[in-house]
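**Q** For reference, the structure I am asking about is given below.
Bear in mind these aren't lab numbers, they're just calculated from the coordinates by the rules spelled out. Keep in mind that what you see is a predicted model, and the values were worked out from it rather than measured. Counting neighbours? That spans all protein chains shown, and the Cβs are built from the backbone with ideal geometry, glycine included.
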Amino acid sequence: MPFRKINNLVKYNFDSFMSKGIISLIAGLFILSVLFVIVISIIGALVGIATTDQQFADFGKLMWDTVLHSLDGGVLASLETNSTAYIILMLIATLGGMVLISILIGVLNSGIAKQLDELRKGRSLVIENDHTVILGWSPQIFYIVNELITANEGKKRSCISILAEKDKVEMEDEINMKVIDFKNTKVVCRTGNPIDLTDLEIINPHTAKSIIILSPEGMEDPDSLMIKMILAITNNPQRRPESYHIVAEIRDPKNIEVARLVGKNEVSFILMEDVLSKIIAQTCRQSGLSVVFNELLDFKRNKINFLEEQSLIGKQFSKALFSYNRGTPIGISYSNGLIQLNPPSHKLIERGDKIIVVAEDGSKINPVNNPELNIDATSIRQTEDKNRKPEKTLILGWNRQAYTIITELDNYVIKDSIVTIVSDSQHIEHEIALTGKELTHLKMHHIIGDTSNRRVLDSLDCETYDHIIILSHSITNNIQESDARTIFTLLHLRDIAEKSGHPFSIVSQMLDIRNRELVKVTRADDFVVSDKLNSLMLSQVSEEKALALVFEDLFRSEGSEVYLKPASDYVELRKPINFFTVVESARRKNEIAIGCRLLSKYDEDALDQGVIVNPDKTKNFTFFEEDKIIVLAENDW
């Protein structure tokens, strides 16, 4: 019985020792090797084995010979002795060394394999400062990473850290396939649950300059998980004393109040569906507006900058309008944190205020003290065609964003305009009736039919409508099926437009941004709305927090918005003038000219369906009847 206890105790201690890891195993193996050499040497010394025929070995010599034979079995063949006992002893040392070395190789191999497996799991700590953290995974992440890489150009070293419940190697492989050039930005992926405090520490959010929280895919209520992610950061026991800069998506507007209570002043929220609905309502009515939005939201193009210009302090905002050749001021960011787009021309710029400027690179533009404006006052026109007609809009499909789109449209159209909804759902009659009661200018009609059926589309006389909007049938479940139906409908409409010779404007909605690439846009009137725009906004706000207020003001019917108006309303046509003249004409109407759309002819600068944002104001343009001026103005319709 005592023997069994001792045996069990030895086994238990041995198992405990083996479980301590590779360092303990190597240390134990080293001790065992030393003991083995000492025992062999003691045996040789006690027996009095001679290493040669003339002398007996001393203890130090025996230890050295034992070590050599343990490490290299070939030494045995070069022995110069006739002592059988010595040869046998060295043979034992050689065999023992082979066993010990084999065990060492096995331990090292196992340890390295285990370490590689740990690295594959993505559980090692990220040690970075001023990096961008992304929590969650969705197809949007590739656009965000690309945008952040562009934003980081010019910096010595930048890092993007991603934490998601996805295999680290899979994340890295997908990013490497979608991102062509990382430039000076390092992308680090880690596997973990963003709402688990232990997993969150892996990504080191407390030293990050900004944190982007992506809306989870495949959930009926993704906002609840997003709010938990915010709580995991803001209520973290290890949180930093300074405020975080967090950017998060909210899908359902009804959750925004709770989200703001949780995030307080540390989180900037992007109302995904609300913003997209307003973009759909605005872009369907104005050809080329979608290109303008892409210009303003993409880091690779013109973007919105905040500049504090000492030379403009104490001067009117109108002075700023003419202070930049390659920069377009669109508003003021006041020292108290508020922003105002298209402020009155006489508004004074005070100390601490920043000019909101559209430019390619804010760090490279400087105001010109005495610019040569060369304004041609004789070419300025102040006429405006107010003879507007009722508009007809066709909405194919129905989802919860339709209400926002229709109510937003109601703010832009005149009385007796019509919106026709075509859907195969018979359960939305009550919702449509309630929406119709809130409208001022629009009249609503509902037709039951399958919008992906060509016969149904042919029966609608699409050529008679001014604008067509294709909505996804679902925004929560069966995303791929909904996008497939949208693609079918879009392809049919393009064919109808081509055969009828009536290129009506089409704005279609894609739920999965990967499907957007399948339906290449060839015209500015044919715009596919997806979460890509939200991805661009998330990236922009993560770099500049104040942009959240700018986007909120820009994509709503109240206040100032972007419009494309006839060039004939501003300047004389068919006459070369510089863009400073256009700016002055717009200023007299309390508007800001930020670009133009040249449909009459294309020159080397007229990219993206003729849309030019932030042109060189010293360059001459000749406008024709089809051309438009892109302005920031209040809705006076």
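**Q** How long is the gain from residue 217 to residue 366 if the chain were fully straight, where each residue apart is worth 0.36 nm and the alpha carbon distance is subtracted?
**A** 49.3 nm
**Q** Based on Cβ point charges of +1 for Lys and Arg and -1 for Asp and Glu, what charge dipole magnitude is obtained for the chain about its Cα centre, in debye rounded to the nearest 20?
**A** That gives the chain a dipole magnitude of about 980 debye.
**Q** May I ask you to derive the relative contact order of the chain, considering only C-alpha pairs under 8 Å and at least 6 residues apart, and to give it as an integer percent?
**A** 12 percent
**Q** Per the helix-only calculation at 222 nm, which mean residue ellipticity applies to the chain, given -39500 (n - 2.57) for every DSSP H run of n ≥ 4 and division by its residues, nearest 500 deg cm²/dmol? Don't jump to the answer; show the numbers that get you there.
**A** Working: 20 runs with 250 residues, N = 637.
Estimated from H runs of four or more residues: -12500 deg cm²/dmol.
**Q** Can you pull out the GluC sites (Glu not before Pro) in segment 200-236 that DSSP calls coil and that have at most 12 other Cβ atoms within 10 Å?
**A** Qualifying residues, ordered by number: 220.
**Q** What net charge do the residues around residue 163 carry, taking every other residue with its C-beta under 12 Å from that of residue 163, with Lys and Arg at +1 and Asp and Glu at -1?
**A** Spelling it out: positives minus negatives among the neighbours equals 0.
**Q** Using a simple spin-label model with points 7 Å from Cα along the Cα→Cβ vector, what separation in nm is obtained for residue 517 and residue 620?
**A** For the pair residue 517/residue 620, the computed spacing is 4.5 nm.
**Q** For labels at residue 434 and residue 193 in the simple 7 Å Cα→Cβ model, what's the distance in nm?
**A** Output for this residue pair reads 3.6 nm.
**Q** Here is a further query. Give me the mean projected area, in nm² to one decimal, of the convex hull enclosing the Cα positions of the chain.
**A** Numbers: hull surface 181.6 nm².
Average of the hull's projected areas for the chain equals 45.4 nm².
**Q** Evaluate the relative contact order of segment 550-599 (contact order divided by residue number), counting alpha-carbon pairs under 8 angstrom at least 6 apart; express in whole percent.
**A** Details: 22 pairs, mean separation 11.2, N = 50.
RCO, segment 550-599: 22 percent.
**Q** What does the charge count near residue 308 come to, summing +1 for each Lys or Arg and -1 for each Asp or Glu among other residues with Cβ under 12 Å from its Cβ? Let's see the in-between values first.
**A** On the way: positive: 351, 354; negative: 309, 350, 353.
Summing Lys/Arg as +1 and Asp/Glu as -1 gives -1.
**Q** Roughly how many whole Å is it from the C-alpha centroid of segment 190-255 to that of segment 315-329?
**A** 39 Å
**Q** Contact order normalised by length for segment 134-251, with contacts defined as Cα pairs under 8 Å and 6 or more residues apart; what percent is it?
**A** 28 percent
**Q** Per 5 Å bin from zero, what fraction in whole % of the C-alpha pairs of segment 204-289 is there, up to the bin with the longest pair?
**A** Histogram of Cα-Cα distances, whole percents per bin: 3, 13, 23, 20, 15, 11, 8, 4, 2, 1, 0.
**Q** Please work out whether segment 244-299 counts as rounded, prolate or oblate from its C-alpha gyration tensor, where a ≥ b ≥ c are the square roots of the eigenvalues and a/c under 1.5 means rounded, while otherwise a/b larger than b/c means prolate and anything else oblate?
**A** The shape class here is oblate.
**Q** Chymotrypsin sites (Phe, Trp or Tyr not before Pro) within segment 238-344: which are DSSP loop residues with at most 16 other Cβ atoms inside 10 Å?
**A** Here the chymotrypsin sites (Phe, Trp or Tyr not before Pro) that fit, given the DSSP loop and packing criteria, are 334.
**Q** Let me ask something else. Could you work out how far apart the two model spin labels at residue 411 and residue 243 are, taking each label as a point 7 Å from the Cα in the direction of the beta carbon, and quote it in nm?
**A** 2.6 nm
**Q** What order do you get for 159-165, 443-449 when each peptide is scored by the mean count of other beta carbon atoms within 10 Å, highest first?
**A** Top of the packing list down: 159-165, 443-449.
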